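Working notes, beginning with the structure itself.
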Amino acid sequence: MEKIVVNGGIPLRGEVEIGGAKNAVLALLSATILAKDTCRIDNIPNISDVSIMLHILHQLGANVRRVGKNAVEINTRYFNSGEVPHELTKHFRASYYLLGALFGRFGHARVAMPGGCDFGVRPIDQHIRGFELLGATVTFEENAIISMRTEQVTGGPVYFDVVSVGATINVMLAAVRARGVTIIENAAKEPHVVDLANFLNSMGADIRGAGTDIIKIHGVNDLHGCEYTTIPDQIEAGTYMVAAAATHGEVFVRNVIPKHMESITAKLLECGVMVKEYDDSIFVAAPNRLQRCKIKTMPHPGFPTDMQPQFAALLAAADGTSIISEGIFENRFRYMEQLTHMGADIKVDGKVAIVEGVRFLRGAPVKAYDLRAGAAMVIAGLSAQGVTELTDIDYIDRGYEDIVGKLIPLGADIRRQSISDIRTNVSNIS
Ligand code: UD1
């Protein structure tokens, strides 16, 4: 067990390299189930969610070979069942992609309901309805296990009542080898939906329209292996951009697709931050005082809900009153209480938070409520005066590759410390 200790108040300066997109790569790794051939995926981030997914694939019979630090070769030829043991997936949100991929390959799948970050109720009714429209008979068993089966996965029209990244990806995975044509309407348009379509197409799939509201999938009989490079992580990049801004620093964020960053860049500009875009990098330079702004999270190309907590950490010490509205998840403000421990003045009313900017935050013992809230507390700690000690950092490791190791070269005074070290220190003192 470790915690992160930050001595804040130092402007970040320098360059940081962004890794592959967590939410894309988890879908890509699941998609390897659909080809009985070797797929090589580059730009894989070293994060615990990826390790869990690779472990699951290995346990199910895949040949998994890490190549260097950031590539992996996977061959799922010897998979022979759509069943995933419950204990492998129960705490892992992206396990739901195994449902779509296994169903797409075998016509049956049996997987436990996903866990993951707790933002309130996270239904998967749209996923299930999508599978049913492709011919699945779905049964809910004990221990939150979902089982589904069909004689023949068959394409058809799938209309989503809500825009869902997970349901869009899952139906793509299920439909790619179906008989006939699937048309997904009201599809999610996130960069990782497009990345998955590109990956599947390079395996021989026929998917058109990803990145728009309507995705058309002509089912093909077989998919072959391929080599593919994952897109850069929009949210990791945004997190470092906000960290640079919140500490009034100057940072080059390398290996990004600036187009994916537009909604985040727009809000930083509103706060008075200078943002310059290059081909595959972004330079961020921030003044000593930042300005208030209004944020409403929405499906892509709107402002991403996964950047909401990081911006709250920045706005907590900006001039004026900022308003943050959460438009995607029902309960994504629980971490605000942690910011108030650091001196932030924030009132939450349902899905709206009113942030009265204070002069500065103060270091404090806080905890990571979930993955992005954890990143927000790191940003708050970097910008605060004094020492912040952040616990429950396993959440951060799920989605950020070596966050401490990337911040130190930017000048941050930050380290990981084992909780047992701390106990030893305390007992030494007493
Ligand atoms: C994915 C991302 C997560 C991100 C989120 C929104 C992964 C592994 N996770 O989560 O990081 O925060 O997109 O960009 O890629 N909904 C339903 N029924 C469903 C599915 C969703 O009502 O069957 C609702 C959800 O409760 C939520 C909204 O739709 O209010 C969007 O959820 P969705 O896009 O599905 O998020 P996830 O795929 O869970």
Charge sum, other residues only, whose C-beta stays under 12 Å from F303's C-beta, Lys/Arg counted +1 and Asp/Glu -1: -1
How about the range 119-170: which GluC sites (Glu not before Pro) there lie in a loop by DSSP and see at most 15 other Cβ atoms within 10 Å? E151
Just to be sure I understand: of the beta bridges DSSP finds with both ends in the chain, what percent are antiparallel, rounded to 5? 70
How far is the Cα center of the range 312-355 from the Cα center of the range 166-235, in Å? 35
Please compute the net charge surrounding Q234, taking Lys and Arg as +1 and Asp and Glu as -1 over other residues with Cβ under 11 Å from its Cβ. -4
Residue order, fewest to most surrounding Cβ atoms within 10 angstrom, among S325, S51: S51, S325
Sparse-neighbour loop sites [GluC sites (Glu not before Pro); the range 40-130; at most 10 other C-beta within 10 Å; DSSP]: none
Taking the range 22-229 as the region of interest, what is the percent of Cα-Cα pairs per 5 angstrom bin, listed from the shortest bin to the one with the maximum distance? 1, 8, 17, 22, 23, 17, 9, 2, 0
Excluding exposed DSSP-loop chymotrypsin sites (Phe, Trp or Tyr not before Pro) (at most 13 other C-beta within 10 Å), longest clean stretch of the chain: 79-277
For the range 22-229, with only Lys/Arg (+1) and Asp/Glu (-1) charged at the beta-carbon, what is the dipole magnitude about the Cα centre, in debye rounded to 20? 380
Label point distance in nm, E262-A144, each placed 7 Å from Cα along Cα→Cβ: 3.7
Relative to the first principal axis of the alpha-carbon coordinates of the chain, what is the inclination of helix 371-383, with its axis defined by its Cα atoms, in degrees from 0 to 90 and to the nearest 10? 20
K351: which lysines have alpha carbons under 24 Å from its alpha carbon, excluding same-chain residues fewer than 8 sequence positions away? K189, K267, K294, K296, K367
By how many degrees, 0 to 90 and rounded to 10, does the Cα axis of helix 191-202 deviate from the longest principal axis of the chain? 40
The range 22-229: antiparallel DSSP beta bridges as a percent of all, rounded to 5: 75
Highest-MSF residue in the chain out of V348, V387, V67 [GNM, Cα springs under 10 Å]: V67
Any chance you could give the angle, 0 to 90 degrees and rounded to 10, that helix 419-429 forms with the longest Cα principal axis of the chain? 30
What's the FRET efficiency of T321 with T391 using the Cβ-Cβ distance as r and R₀ = 35 Å, to the nearest 0.05? 0.70
Determine Rg/Rh for the chain; Rg is computed over alpha-carbon atoms and Rh is the Kirkwood hydrodynamic estimate from the same atoms. 0.98
In a shell of Cβ-Cβ distance under 10 Å around H224, excluding H224 itself, what net charge do Lys and Arg (+1) and Asp and Glu (-1) give? -1
For the range 15-36 and the range 366-424, compute the distance between their C-alpha centroids and round to whole Å. 24
Go ahead and collect, in residue order, the members of the range 1-44 whose backbone nitrogen is under 14 Å from a label point 7 Å along the Cα-Cβ direction of R66. 43-44
Multiply the residue separation of M274 and H55 by 0.36 nm, subtract the distance between their alpha-carbon atoms, and state the gained length in nm to one decimal. 74.6 nm
Pull out the extension gain between M298 and R77, defined as 0.36 nm times the separation in residues minus the alpha carbon to alpha carbon distance; nm, one decimal. 75.7 nm
The chain: relative contact order as a whole-number percent, Cα under 8 Å and 6+ apart: 21
I'd like the FRET efficiency for Q417 and R362, computed as 1/(1 + (r/R0)^6) with the beta carbon distance as r and R0 of 25 Å, rounded to 0.05. 0.80
Quick check on the exposure proxy: order S263, S81, S383 from fewest to most C-beta atoms within 10 angstrom. S81, S263, S383
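Coordinate-derived values only; no laboratory data. A quick note: this is a predicted structure, and the numbers were derived from the prediction, not measured. We place every Cβ from the backbone using ideal geometry, glycine too, and count neighbours over all the protein chains shown.
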